[in-house]
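K.L.:
Quick one: structure below, then a few questions.
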Amino acid sequence: MSLFDKVKASIGIGSAKVDAKLDQSSFTAGENLTGTLLIQGGTIEQEINGIDLHLVTEVIREVDDKKVKQHTSFVTYRVASGFLIRKGEKKQLPFSFPIPTDTPITLGNSKIWLETALDISLALDPTDQDFITIKPHPAVHTLLEATRSLGFVLRKVENLPYRRSPIGLIQEFEFVPTSGSFRGKLDEMELVFFLEPRGIRIMMEIDRKARGLVSLLAESLDLDESKVSLFLSFDEINQGVSATATRLHNVIRSYS
């Protein structure tokens, strides 16, 4: 093995490569993400310190009073560590790890991807990126459909940092009423879902539409916004979209 080959591998030329082959491109939050890692040895023998899989998304952060997008890894899973890959050698490593139930879903501008990092001593770490679709947990799906059935249309989805979340972020859904009984009464409604062992806690911010001078004054002072916490058990949600919509309607109506 020549010194020249070592130098080239250290800057990524002729170094080992890794490629994640997923069993499917779409997964549901709470399922296992499965696939196989294909590792291809380079032009020299190399020591692999480890292979890590990261689930990554973009979050919106406030920096100097401006909103900026930042990539955030919210799940890390180590597939393997401490092995040798010989020149030109090929290895296959199957993997499987749970997708957290509160993983952001792929909706609107929210994107999720799997980043595979190969940790190699004295060399650049090769990475591989694979975009995936994350479908909502069945209970979250029912809640989203119930909200739509009340005449709300999804306007925006944002992933925001939140330290108290197990994955360090939350996903906020912003709806506007375009039909139904809340059209003309509300400006918008924001929802955040927290999955708990027995059900889902829903944080709602209901923004009432300004009507008249007093309401306009309240709007300018943000007094027209109501923050609501609602818990629905899985048993309640499993009754279906219509029953869930009725429960949501009654709560929203009391604040509109």
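K.L.:
What is the Rg over Rh value, at two decimals, for the chain, using alpha-carbon atoms and the Kirkwood definition of Rh? Kindly include the intermediate steps, with their values, before the conclusion.
P.N.:
Working: Rg = 23.7 Å, Rh = 21.1 Å.
With Rh from the inverse mean 1/r over Cα pairs, Rg/Rh is 1.12.
K.L.:
What residues have an amide H closer than 5 Å to that of Glu45, excluding those fewer than 5 places away on the same chain, when H is modeled at 1.01 Å from N in the peptide plane?
P.N.:
Correct list: Lys87.
K.L.:
Then there is this: Sort segment 11-76 into rounded, prolate or oblate with this rule: let a ≥ b ≥ c be the square roots of the eigenvalues of the Cα gyration tensor; rounded if a/c is under 1.5, and if a/c is not under 1.5, prolate when a/b is larger than b/c, oblate otherwise.
P.N.:
Oblate.
K.L.:
Stretch Thr36-Glu62 to full length: gain in nm at 0.36 nm per residue minus the Cα-Cα span?
P.N.:
My answer for the length gained is 5.6 nm.
K.L.:
Over segment 138-253, what relative contact order in percent results from Cα pairs under 8 Å that are six or more residues apart? Walk me through the intermediate numbers first.
P.N.:
Values: 194 pairs, mean separation 28.3, N = 116.
Across segment 138-253, relative contact order equals 24 percent.
K.L.:
Could you go through segment 66-75 in sequence order and give the Karplus-derived ³J(HN,Hα) for each residue, using 6.51 cos²θ - 1.76 cosθ + 1.60 with θ = phi - 60°, rounded to whole Hz, and x for Gly and Pro?
P.N.:
Each residue's phi maps through the Karplus curve to give 10, 8, 10, 8, 9, 6, 9, 8, 10, 9 Hz.
K.L.:
Suppose every K and R has +1 on its Cβ and every D and E has -1 on its Cβ; what is the size of the dipole of segment 44-154 about the Cα centre, in Debye to the nearest 20?
P.N.:
Once rounded to the nearest 20, the dipole reads 300 debye.
K.L.:
With viscosity set to 1.002 mPa s at 20 °C, what whole-number translational diffusion coefficient in µm²/s follows for segment 3-135 from Stokes-Einstein and a Kirkwood radius over Cα pairs?
P.N.:
Numbers: Rh = 16.0 Å.
Answer, rounded: 134 µm²/s.
K.L.:
Same structure again: Ordered by packing density, taken as the mean number of other Cβ atoms within 10 Å over each peptide's residues, highest first, how do 48-55, 195-202 rank?
P.N.:
Averaged packing, sorted descending, gives the order 48-55, 195-202.
K.L.:
Could you tell me the calculated FRET efficiency between Ser242 and Arg163, based on Cβ-Cβ distance and R0 = 51 angstrom, to the nearest 0.05? Before the final figure, lay out each step's value.
P.N.:
Numbers: r = 37 Å, r/R0 = 0.72.
Once the sixth-power term is evaluated, E becomes 0.90.
K.L.:
Give the long-range amide H neighbours of Glu31: residues separated by 5 or more places, or on another chain, with amide H under 5 Å away, using H modelled in the peptide plane at 1.01 Å from N.
P.N.:
Ile99
K.L.:
Length gain on complete extension for the stretch Arg148 to Glu196, per 0.36 nm per residue less the alpha carbon to alpha carbon distance? If you can, show how the numbers build up before the last one.
P.N.:
Details: separation 48, 0.36 × 48 = 17.28 nm, distance 2.30 nm.
Residue separation times 0.36 nm, minus the Cα-Cα distance, leaves 15.0 nm.
K.L.:
Relative contact order for the chain using alpha-carbon pairs under 8 Å, separation at least 6, rounded to a whole percent? Don't skip to the end; give the middle numbers.
P.N.:
Values: 574 pairs, mean separation 42.2, N = 256.
Across the chain, relative contact order equals 16 percent.
K.L.:
Could you calculate the FRET efficiency of Phe231 with Asp19 from 1/(1 + (r/R0)^6), where r is the beta carbon distance between them and R0 is 35 Å, rounded to 0.05? Show your work: numbers first, answer last.
P.N.:
On the way: r = 44 Å, r/R0 = 1.24.
For Phe231 and Asp19, the calculated efficiency is 0.20.
K.L.:
I would also like to ask the following. How much of the DSSP beta bridge set in the chain is antiparallel, as a percent to the nearest 5?
P.N.:
Roughly 95 percent of the DSSP beta bridges within the chain come out antiparallel.
K.L.:
A follow-up question, please. Once you have a ≥ b ≥ c as the square roots of the Cα gyration tensor eigenvalues for segment 138-253, tell me rounded if a/c is under 1.5, and otherwise prolate or oblate according to whether a/b is larger than b/c.
P.N.:
On the way: a/c = 2.09, a/b = 1.36, b/c = 1.54.
Judged from the Cα gyration tensor, segment 138-253 comes out oblate (a/c at least 1.5, b/c at or above a/b).
K.L.:
Return the distance in nm (one decimal) between the two label points of a simple spin-label model at Asn49 and Lys111, each offset 7 Å from Cα along Cα→Cβ.
P.N.:
A separation of 2.9 nm, rounded to one decimal place.
K.L.:
Taking Cα atoms of segment 112-204, Rg/Rh with Kirkwood Rh, to two decimals?
P.N.:
Working: Rg = 18.2 Å, Rh = 16.0 Å.
Result for segment 112-204 is an Rg/Rh of 1.14.
Coordinate-derived values only; no laboratory data. The shown structure was predicted, so the numbers you read here are calculated from the model rather than taken from an experiment. With ideal geometry, Cβ positions are generated from the backbone for all residues, glycine too; neighbour counts draw on all protein chains shown.
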